[in-house]
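The values are calculated or read from the model by the stated rules, or taken from the named source; none is laboratory data. Source: prediction; values computed, not measured. Here Cβ is always computed from backbone atoms with ideal geometry, including for glycine, and neighbour counts include all displayed protein chains.
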Amino acid sequence: MNHFIPILKQTRLFTGMDEEPIEDMVSCLNANFHKYRKNEYVYHSGTHIHSVSILTKGSLFIQKDDYWGNRSILQDITEGEIFGEAYAMPGSEPLIYDVVAREDSSILSFSMSRLLTTCPNACMFHTQIIQNLVCSLSARNRTLTQKIDYMAQRSIREKLIAYLSAQSKKSGKSAFDIPFNRQQLADFLCVDRSAMSHELSKMRDDGMLSFYRNHFELIH
């Protein structure tokens, strides 16, 4: 597990901790390592989970399919991000979405009960991890609130403007890459792909932006 320490040091769960205490906490928490192939399901909707996980390699989609097979992408998970924490809390409901590997990926999972219960030898960093976990839940809530803002926009153009503006602000640049291809972006914004592609072309013709594949540049 030691080769994961540099990655874990950059994660929200281990914020403020040096490599040595992280190594001790990984051992204390009995972390489990798992690998997944591209398009393999990490979790299925309806599953009860009891672990919080960190993506150590690759990328994942949190997605949901309706009865007729229409897909919505709720979030993308990138290397170093935490996921599953909200549904791993004691008494939580089963998952209402699927977690799928969008490429070959690996994760480290930590028992939520072990995370929330201070160990017998009272590790000095255990309290800090619990505080970091609460901060992670808060950050996840902000992310979902932002997604709601995209969905609240009435037209496809307004949804695109809200999303692309947020990505530009996040990157600090007018030119940036997004983590989605066209179909994935349409699934994320819950719109028809053809209609969205048509609207993007109109926005380009109107001088609002330029794009190539998943690279966009916003123009004043």
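Quick check on segment 87-105: of everything there that is of a type in the set (Gly, Ala, Ser) and surrounded by fewer than 16 Cβ atoms within 10 Å (Cβ to Cβ), which residue is nearest to Ile7 (Cα to Cα)?
Our first condition is that a residue be of a type in the set (Gly, Ala, Ser); within segment 87-105, this holds for 88, 91-92, 101, 105.
Cutting the leftovers down to surrounded by fewer than 16 Cβ atoms within 10 Å (Cβ to Cβ) gives us 91-92.
On the way: Gly91: 30, Ser92: 28 Å.
The extreme case among them is Ser92.
For segment 62-72, indicate whether the set of residues that are hydrophobic (A, V, I, L, M, F, W, C), in contact (Cβ under 8 Å) with a residue 12 or more places away in the chain and under 19 Å from Ser111 (Cα atoms) is non-empty.
No, segment 62-72 contains no residue that is hydrophobic (A, V, I, L, M, F, W, C), in contact (Cβ under 8 Å) with a residue 12 or more places away in the chain and under 19 Å from Ser111 (Cα atoms).
From the residues in segment 43-57 that are among the aliphatic types (A, V, I, L, M) and closer than 21 Å to Ser113 by Cβ, which one is surrounded by the most Cβ atoms within 10 Å (Cβ to Cβ)?
Restricting to residues being among the aliphatic types (A, V, I, L, M) and closer than 21 Å to Ser113 by Cβ, the top hit is Val52.
Which condition number in (1) farther than 30 Å from Leu13 by Cβ; (2) assigned by TED's automatic domain parsing to the domain that holds Ser59; (3) among the polar types (S, T, N, Q) is the one that Ser194 fails?
With (1) farther than 30 Å from Leu13 by Cβ; (2) assigned by TED's automatic domain parsing to the domain that holds Ser59; (3) among the polar types (S, T, N, Q) applied to Ser194, the lone miss is (2).
Have a look at Asp24, Asp66, Asp18 and point out the one that is modelled with pLDDT under 90, under 29 Å from Tyr150 (Cβ atoms), acidic (Asp, Glu) and over 13 Å from the mean Cα position of the chain (by Cα).
Selected residue: Asp66, the only one of Asp24, Asp66, Asp18 that is modelled with pLDDT under 90, under 29 Å from Tyr150 (Cβ atoms), acidic (Asp, Glu) and over 13 Å from the mean Cα position of the chain (by Cα).
In segment 1-42, which residue that is among the aromatic types (Phe, Trp, Tyr) and closer than 20 Å to Leu115 by Cα is surrounded by the fewest Cβ atoms within 10 Å (Cβ to Cβ)?
Step by step, filter segment 1-42, then rank; the result is Phe33.
Which of the residues that make up segment 37-61 are free of Cβ contacts under 8 Å to residues at least 60 places away in the same chain, within 20 Å of Phe188 (Cβ to Cβ) and among the polar types (S, T, N, Q)?
Ser45
Taking Ala31, is it of a type outside the set (Val, Ile, Thr), assigned by TED's automatic domain parsing to the domain that holds Thr118 and under 27 Å from Tyr163 (Cα atoms)?
Values: of a type outside the set (Val, Ile, Thr): yes; assigned by TED's automatic domain parsing to the domain that holds Thr118: yes; under 27 Å from Tyr163 (Cα atoms): no.
Here the answer is no, as Ala31 does not meet what is asked.
I'd like to verify a number: residues in segment 125-146 that are in contact (Cβ under 8 Å) with a residue 40 or more places away in the chain and either farther than 30 Å from Lys202 by Cα or not assigned by TED's automatic domain parsing to the domain that holds Glu79 (or both), how many?
Residues flagged as in contact (Cβ under 8 Å) with a residue 40 or more places away in the chain and either farther than 30 Å from Lys202 by Cα or not assigned by TED's automatic domain parsing to the domain that holds Glu79 (or both) within segment 125-146 amount to 11.
Considering only segment 112-200, give the helices (runs of 4 or more DSSP H) lying wholly within it that have at least 2 residues that are modelled with pLDDT under 95, exposed (fewer than 15 other Cβ atoms within 10 Å of the Cβ) and of a type in the set (A, V, I, L, M, F, W, C).
126-152
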